[in-house]
Amino acid sequence: MSALGDKLAGWLGRGAAEDAARVEEAALRSDRFRLEREGDWKRLEQIVGQIERGRLKRLSDEDLLALPGLYRMTASALSIARETSLDQALVDWLETLTQRAWFAVYGPRAGLGRWLRGFLGGGWGRAVRSIGPDIVIALLTMVVGTVVGWLLVSSNPDWFYALMPGGDERQPGASRAVLERTLFGNADQDGLSVFAAMLFSNNAQVSILAFALGFACGVPTLLLLVQNTAMLGALLWLYHGQGLTFELVGWLSVHGTTELFAILLAGAAGLHVGRAIAFPGNRAVLDAAAEAGRRAALVMTGVVLMLIVAALLEAFARQLLDATLPRLVVGAFILVFWIGYLFVWRRGR
Amino acid sequence: MSARGATGRIVPDAERRKRWLTTPEGVALPFVLASRGARAGAVAIDLFLIGAAIVLTTMALLWTAQGLGLNANLKGPAGHALQALAIVWFLAVFLARNAWFLAFELGPRGATPGKRLLGIRIAARDGGRLTTEAVIARNLVRDIELFMPLVFIGGAASSGGDTDVAGWMGLGWFALFMAMPFLNRDALRCGDMIAGTWVVEAQKRKLGQALSLAGAAAGPSATTGVTYRFGPEELSVYGEYELQALERVLRENRAETLEEVAATICGKIGWSAGAGDERAFLEAYYTQLRAHLERGMRFGRRKADKFA
């Protein structure tokens with residue numbers, strides 16, 4: 001460590017002779033300790049100060065390279081000072097300085113771009129695979145929700161109004177022609193791109209909510225999943241009544257394979273956190289929650305990306321493809337892509 | 001607020017908010033948790049800035065639309081231009097709501113503008129690296145802690161008192177999330193729990209001069225020319241606690257306190273040093289007491305205070 005200290009002092013190019021004279025004068029051993037190292041500490045303070053002011057770019061490469069070494073030196077000096085020095089001002093200052101340097105050294109890794117590359121290049125899939133059991137639970141919940149929605153509406157059509165807020169022409173008693181019109185022939189409609197942006201921001205907020213509610217042991221997440229898929233069930237029942245099931249599935253599949261997949265993942269992420277809080281196992285609840293939360297956050301970042309894709313598909317591809325078969329082909333292709341990308345493709349194993 | 005610690009001394013609030021973390025190098029560091037007031041203030045500032053950003057964006061877009069002579073009834077290329085502006089608006093609002101905290105906390109300073117103004121920042125609770133995932137996790141949960149309750153409260157206010165039972169229950173439910181920082185010792189909000197982070201004060205401090213190098217610490221007094229020397233029995237009456245108190249007195253450097261302390265020490269060790277040269281006397285006593293205690297430390301004997 002002292003060799004490193006000499007090297008760093010050399011880089012600094014301070015007046016070594018002058019320092020040496022002051023060190024000689026000091027009567028206390030702890031003061032000599034302080035005077036010998038103060039130059040390095042001050043340099044660390046200056047580097048850390050630059051980082052704190054957000055002037056990372058103005059730091060020289062030399063300073064950046066020296067930062068970890070200076071940090072470790074200061075941390076070890078703090079340990080020594082605590083055991084050998086009663087200069088309270090020095091110990092307090094070293095504690096603060098070590099802390100500030102710790103923030104700089106162990107802070108978030110600079111470069112969101114690099115993180116994103118790692119995320120898309122395998123990190124996302126790894127995170128999704130690691131919450132596998134929760135995905136199964138969320139999937140079952142969504143299937144149950146759809147079935148429940150269907151059964152509720154078929155037993156009493158009044159349920160439809162409770163499940164589907166906002167009255168448009170899609171309601172019980174609508175003729176086949178009316179329903180068909182909602183599925184086809186909107187290609188020349190205007191305002192599609194605005195619609196896409198709105199859809200995205202709305203869906204993203206819902207899925208973030210599904211994740212965030214996982215904090216309450218996951219129960220609200222399940223409820224939200226059931227409620228959303230019950231709407232799907234009710235819609236399926238409505239179009240089934242007019243013999244348009246196949247057409248509706250085609251209409252939904254273009255963006256639905258992506259959107260439902262994203263909602264599935266968001267729900268699973270929420271459940272993952274909820275499960276860790278409800279059943280932490282041998283770990284402390286907070287540790288378990290933190291571990292699960294970090295994993296689920298990765299999944300959620302992916303969910304937001306998927307929802308952007310879903311909104312684009314919903315607004316453009318669906319309206320431009322005006323027949324059931326191409327819609328089904330596109331939807332199936334995208335579903336296969338997501339499954340392949342998230343579950344099959346592995347890297348660095 | 002203050003409470004009595006184990007030693008019977010009054011423990012200030014900052015002391016009670018102190019937590020020890022061990023860095024990966026094995027050095028224990030003290031952290032002071034940010035007070036709930038500071039955090040609330042930081043959020044208020046950030047929300048204000050977010051609101052201002054949204055208003056400014058909206059106004060800029062409206063102004064652009066007006067300048068280009070666009071209105072909602074247009075078709076063709078002009079209509080597309082209007083659509084593009086609408087998309088920009090939606091994305092800007094979404095980003096302001098979700099990315100504001102994220103982008104700032106992922107920066108090298110680990111704090112949003114509000115936090116920076118109030119001198120606080122986020123840190124990993126285990127002393128390790130603050131990861132990108134942790135920052136994302138803690139900010140995704142902000143939605144149910146902050147924005148959803150605000151939406152609910154706004155809904156309750158706009159419906160003018162006749163809110164239904166479900167509305168009130170929803171409000172209570174979200175109030176629970178908002179109140180979370182008050183329900184645990186470390187003032188963690190839900191997002192902190194999930195992410196494994198906490199909010200601490202970003203302390204800054206200037207290094208004080210070493211008192212043992214200045215003035216009469218090592219040599220004769222400038223005013224009287226006397227060199228104060230104390231024997232081992234005169235130095236062994238005090239411990240580290242008193243040494244630190246003496247250090248504070250010397251740094252504050254107020255004449256009446258110096259006189260009082262010098263008189264107390266003289267009384268204790270049976271000296272009569274005379275008036276007028278208290279600072280030199282105390283500097284010499286401080287330096288020699290520190291030398292005495294530090295010698296003891298090197299041999300593994302520590303004296304916490306005068307009772308030890």
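Each value in this text was obtained by applying a stated rule to the coordinates, not by laboratory testing. It should be emphasised that the depicted structure is a prediction, and the values quoted were computed from it without experimental measurement. All Cβ positions, glycine included, derive from the backbone under ideal geometry; neighbour counts span all protein chains shown.
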Subtracting the Cα-Cα distance of A:R176 and A:L335 from 0.36 nm times their residue separation yields 54.3 nm
The rounded separation in angstrom of the Cα centers of the stretch B:218-247 and the stretch A:268-323 is 65 Å
Here, B:A99 and B:A263, labelled 7 Å along Cα→Cβ, have an inter-label distance in nm of 6.8 nm
When B:V88, A:V254 are arranged by how many other beta-carbons sit within 10 Å of their Cβ, fewest first, they go B:V88, A:V254
Going fewest to most other Cβ atoms within 10 Å around each Cβ, A:V226, A:V299, B:V226 line up as B:V226, A:V226, A:V299
On the formula 1/(1 + (r/R0)^6), with r taken between the Cβ atoms of B:L176 and B:A14 and R0 of 25 Å, the FRET efficiency rounded to 0.05 is 0.30
Packing-ranked peptide list from A:213-221, A:117-125, B:49-57, B:100-108, highest mean Cβ count within 10 angstrom first, is A:213-221, B:100-108, A:117-125, B:49-57
Each residue of B:88-98 has, on average, a number of other protein chain C-beta atoms within 10 Å of its C-beta equal to 3
Violations at 31 Å Cα threshold for listed pairs A:K57/B:K204; A:K57/B:K18; B:K206/B:K306 -> A:K57/B:K18
Each residue of B:28-38 has, on average, a number of other protein chain C-beta atoms within 10 Å of its C-beta equal to 2
In this structure, the FRET efficiency calculated for B:A214 and A:K42 from their beta-carbon separation, with R0 = 22 Å, to the nearest 0.05, is 0.75
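Name the shape class, rounded, prolate or oblate, that the alpha-carbon gyration tensor gives for the stretch B:211-298, where a ≥ b ≥ c are the square roots of its eigenvalues, rounded holds for a/c under 1.5, and otherwise prolate holds if a/b is larger than b/c and oblate otherwise. List each step's numbers first, then the result.
On the way: a/c = 1.35, a/b = 1.30, b/c = 1.03.
Rounded is the answer for the stretch B:211-298, as its axis ratio a/c remains below 1.5.
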The simple spin-label model distance between B:R254 and B:W271, using points 7 Å out along Cα→Cβ, in nm, is 2.3 nm
Expressed in nanometres to one decimal, the distance between label points 7 Å along Cα→Cβ at A:R29 and B:Y241 is 2.7 nm
Residue separation between A:S154 and A:V136 times 0.36 nm, minus their alpha-carbon distance, gives in nm 3.8 nm
In this structure, among A:K42/B:K303; A:K42/B:K115; B:K115/B:K303, pairs with alpha-carbon gaps over 29 Å are A:K42/B:K303; B:K115/B:K303
For the A:N202, A:S76 Cβ pair and Förster radius 56 Å, calculated FRET efficiency rounded to 0.05 is 0.55
